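In what follows, a structure is listed as C-alpha cells, so that the remarks can point back to it.
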Amino acid sequence: MKNLFLSFVLFFCSSSLMAGDFFDTFSADKINSTVYVVHGPRELPNAKNRGFMNNPAFIVAEKSVVVVDPGSSHEAGTMVLREISKVTNKPVSHIFNTHVHGDHWLANEIIQQSYPDVKIIADPRMIKKARAGEAQTWIDNMISMTEGATKGTKIAYPEVAVSDGKQLKVAGLTFNIHSVGIAHSGTDIMLEYVEGSTFFTGDNVGYLRLLRMNDGSFRDVIKALDRAISLKKKYYVPGHGPTGGIELVELQREYFDTLYNLVAEYNDEGLEDFEMKPKIEAALVKFKDWSGFDDEIGRHISLAKLEVEKAEFE
Ligand SMILES: [Zn+2]
C-alpha cells in the first residue's frame, strides 16, 4: 500500500514537471546582433511536444523587443518570455503573426498578459479568419492533439492589419511586409527586417519539414519564394526548421516547383493521383527524410492536381 501511494506521488510529481522539463530543453539561438530564434520541434503537435513545433523569434530593439510568432500555447509563450529575459529586460512592444495557423500565434495572449500595451500585427485576412472561428478551432484541435497539454491557452487576436508593400517602423526598426496571393494559407505575411538583413518566411518555407498546403496555392507559394530570393537577405528564418541563408529558400522553391510542374505534366497525360505519386516521389527523393514527407506528399499531389485543373479554366 505504501509503495502504491509512493508511485502515485511520483507519477503526479513527474507529470507536473513535464511542461517545465520539456520547455527547459529549448533556448534561443542568436542569429545576429539583434535577432534570436527558438527553433522548435518539427513533428506535428502531440502530447510529447506539448503542441510546440514552430520557430518563435524575437528582435531586441533600442527600447523594446519585437516578437515574431510566439508559438502555440501559454507554455510556449512563457518559454519565449523566459528566453527574452535571459537577453534583456526591455518590454515586448510588438508581436507579428505570420499567418492564421495556431501553432504560430496562440501564445500571443500570455505575452499580452505581461505587456498589456503590446501591439499585435498581422495580415487583415488572418485577423478576419481567426475571428470568424479559426482561432477557436485551433485551440480545440491543439488540446485534442496534445491530449490536453495546451489547455488554459486563451486567444489574443491581432488588431493591427498590414498588407503587401507596406513599410512599417516598429520599435525604431524598419520592416517591409511581403504577401503574395494565397501563398501558404491565404492569410500570410512575410517580414523583411531591413537593418538586420533578416527575412521571416512564415510557413512558405518549412526547412526539413513538409508543411500542410490545405489552404494554400502552390503557384503563389512559388511566387512568394521568388520574392524572398530576389531580396537576397543574409538570414532567412523559416516557419519550421533551422535558420539559414538563401539556399534554404531555393531548396524549398525547388520542392514546390518540381512537384507542381510534374503534377501538371502527368495530369496532361491523364494520370490519376495514385499513378503519378511514385514517379513524383522518385523525383523528390532528396526531400524524403524531411519530417512529414510520407504524410504530406500524397496530399500535396492531390491539392496540386486540383490547382492544375482549376488553372486550366483561368
Ligand atoms: Zn502554417
Find all pairs meeting these conditions: Cβ atoms under 6 angstrom apart; at least six residues apart or on different chains; first residue within segment 80-103 and in contact (Cβ under 8 Å) with a residue 60 or more places away in the chain and under 9 Å from VAL67 (Cα atoms); second residue within 16 Å of the ligand (Cβ to nearest atom) and part of a helix (DSSP H, G or I). ILE95/ASN108; ASN97/TRP105
Determine whether segment 115-122 contains at least one residue that is within 16 Å of the ligand (Cβ to nearest atom) and surrounded by fewer than 21 Cβ atoms within 10 Å (Cβ to Cβ). no
Mind checking which residues of segment 134-187 are buried (at least 22 other Cβ atoms within 10 Å of the Cβ), touching a helix residue (DSSP H, G or I) at 6+ places or on another chain (Cβ under 6 Å) and hydroxyl-bearing (Ser, Thr, Tyr)? THR150, THR153, THR187
For segment 120-132, enumerate the residues that are part of a helix (DSSP H, G or I) and within 18 Å of SER72 (Cβ to Cβ). MET126, LYS129, ALA130
From the list ASN214, ASN204, which one is within 13 Å of the ligand (Cβ to nearest atom), surrounded by fewer than 15 Cβ atoms within 10 Å (Cβ to Cβ) and either under 28 Å from GLY102 (Cα atoms) or among the hydrophobic types (A, V, I, L, M, F, W, C) (or both)? ASN214
What about SER73, is it surrounded by fewer than 20 Cβ atoms within 10 Å (Cβ to Cβ) and of a type in the set (Ser, Thr, Tyr)? no
Can you name the residue in segment 82-119 that is assigned to a loop (DSSP other than H, G, I, E, B) and of a type in the set (D, E, K, R) and is also nearest to ALA57 (Cα to Cα) among such residues? LYS90
Restricted to segment 238-265 and to residues being within 16 Å of the ligand (Cβ to nearest atom) and more than 17 Å from the chain's Cα centre (by Cα), the residue farthest from ARG227 (Cα to Cα) is TYR255
Give segment 162-187 a look and list any residue that's assigned to a loop (DSSP other than H, G, I, E, B) and of a type in the set (S, T, N, Q), or say none. SER163, SER179, SER185, THR187
Return the residues of segment 188-201 that are surrounded by fewer than 17 Cβ atoms within 10 Å (Cβ to Cβ) and either within 16 Å of the ligand (Cβ to nearest atom) or assigned to a strand (DSSP E or B) (or both); say none if nothing qualifies. none
Just checking, does segment 223-234 include any residue being within 19 Å of LEU168 (Cβ to Cβ) and crowded, with 24+ Cβ neighbours inside 10 Å? yes
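Laboratory data are not the source of any read-out in this text; all were calculated from the coordinates shown. Remember, predicted model here, so these are calculated numbers, not experimental data. Methodologically, a virtual Cβ is constructed for each residue, glycine included, from the backbone with ideal geometry; neighbour enumeration extends over all protein chains shown.
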